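The values are calculated or read from the model by the stated rules, or taken from the named source; none is laboratory data. Being a predicted model, the structure only gives us computed values, none of them experimental. Note: ideal-geometry Cβ built from the backbone for every residue, glycine included; neighbour counts use all protein chains shown. Ligands, DNA and RNA are stripped out before the accessible areas are found, and what is left, the full protein with its side chains, is counted by its heavy atoms. Shrake-Rupley method; radii C 1.70, N 1.55, O 1.52, S 1.80 Å.
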Amino acid sequence: MAAGERWATFDCYGTLIDWNGGIGRELERLFGAARAGELLHAYHELEPQIQREDPSRTYREVMAVALARLGAPADEEDALGRSLPRWAPFVEVPKALAEARAAGWRLAVLSNTDRDFLDASLARLGVEFQLSVVASEIGSYKPSRGHWDEFFARSGAEPDSHVHVAASLFHDIAPANELGLPSIWINRLGEQRGPEPTKELPDLRQLPAVLDEVAA
């Protein structure tokens, strides 16, 4: 790694891309508006269980198994996989990422997903990422540390010049703490803290300044 390089790693879905919105719309289409909120909560519980059961499953398979367990018709079990490439970024994200790049930060994504899904989502962001790690290529899902092991092996980054940015306390902030990494928690939903991040933000609008603050 070149001297002075600073890396910001990101979770994608829920942090950069509107994950709840994308899943929620499909649940509403399949099961009706009255049940969508309840089933979204159930989906949040199911997905990590399915990932733990078999980390070799692709994310497309994980989503399909989750929909099947929620009672989706057999011909709709791939509904989330079909819709995911259309899920939109949060409105402030492209500008915040571009500003971070302009400030000299190198960007990477550590995602519990598949390569084709992530590539489609990153294209929507319109900002260059220097590196990305996806679960289906390493056979590991966060919160296991496989994504970080792969990131450090491929980037040559030093832990003291690396900040992790994510919306999930369970998948991202807790393992970042275990690894001794500074973190920024994007708390879009007004959740209560569990694992303590280095810094908490409601969205990414102040990202470039806070990256500099956390890394100082």
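For segment 91-140, the fraction of C-alpha pairs farther apart than 14 angstrom is 53 percent.
For the chain, the solvent-accessible area with a 1.4 angstrom probe is 43 square angstrom per residue. A simple spin-label model places pseudo-atoms 7 Å from Cα toward Cβ; at Asp54 and Val91 they are separated by 4.2 nm. Rounded to the nearest 20, the size of the Cβ-charge dipole of the chain about its Cα centre is 320 debye, with Lys and Arg at +1 and Asp and Glu at -1.
I'd like the distance separating the alpha-carbon centroids of segment 124-196 and segment 57-73, in whole Å. Their Cα centres are 24 Å away from one another. Over all projection directions, the Cα-based convex hull of the chain averages an area of 11.2 nm².
Computed over all pairs of different Cα atoms, the Kirkwood value for the hydrodynamic radius of segment 109-216 is 14.5 Å.
Along its three principal directions, the equivalent ellipsoid of segment 1-77 from the Cα gyration tensor extends over semi-axes of 30, 16, 10 Å, largest first. Considering only His44, Val165, Ala209, and ranking their Cα positions along the charge dipole of the chain that arises from unit charges at the beta-carbon of Lys, Arg, Asp and Glu, the one farthest toward the positive end is Ala209.
Taking all Cα pairs closer than 8 Å and separated by 6 or more residues, the relative contact order of segment 1-129 comes to 38 percent. Take every DSSP beta bridge whose two residues both sit in segment 101-216, then give the antiparallel share in percent to the nearest 5. The antiparallel fraction comes to roughly 0 percent. The peptide list 120-131, 89-100, put in order of mean Cβ contacts within 10 Å with the highest first, becomes 89-100, 120-131.
Here the accessible area is traced with a 1.4 Å probe on the protein chains. For the chain, carbon and sulfur cover 49 percent of it. Across the alpha-carbon atoms of segment 113-156, the computed radius of gyration and Dmax are 11.0, 29 angstrom.
Here the Gaussian network model covers the chain, with springs between Cα atoms less than 10 Å apart; of Ile184, Ile173, Ile50, Ile50 fluctuates the most. Relative to the dominant Cα principal axis of the chain, helix 19-31 is inclined by about 0°. Counted over the chain, the DSSP beta bridges are approximately 5% antiparallel.
What the pair-distance distribution of segment 63-151 shows, using all Cα-Cα distances binned every 5 Å from zero, is 3, 13, 18, 18, 20, 15, 7, 4, 2, 0 percent. When you count the other C-beta atoms within 10 angstrom of each residue and take the mean per peptide, 143-152, 196-205, 7-16 line up highest first as 7-16, 143-152, 196-205.
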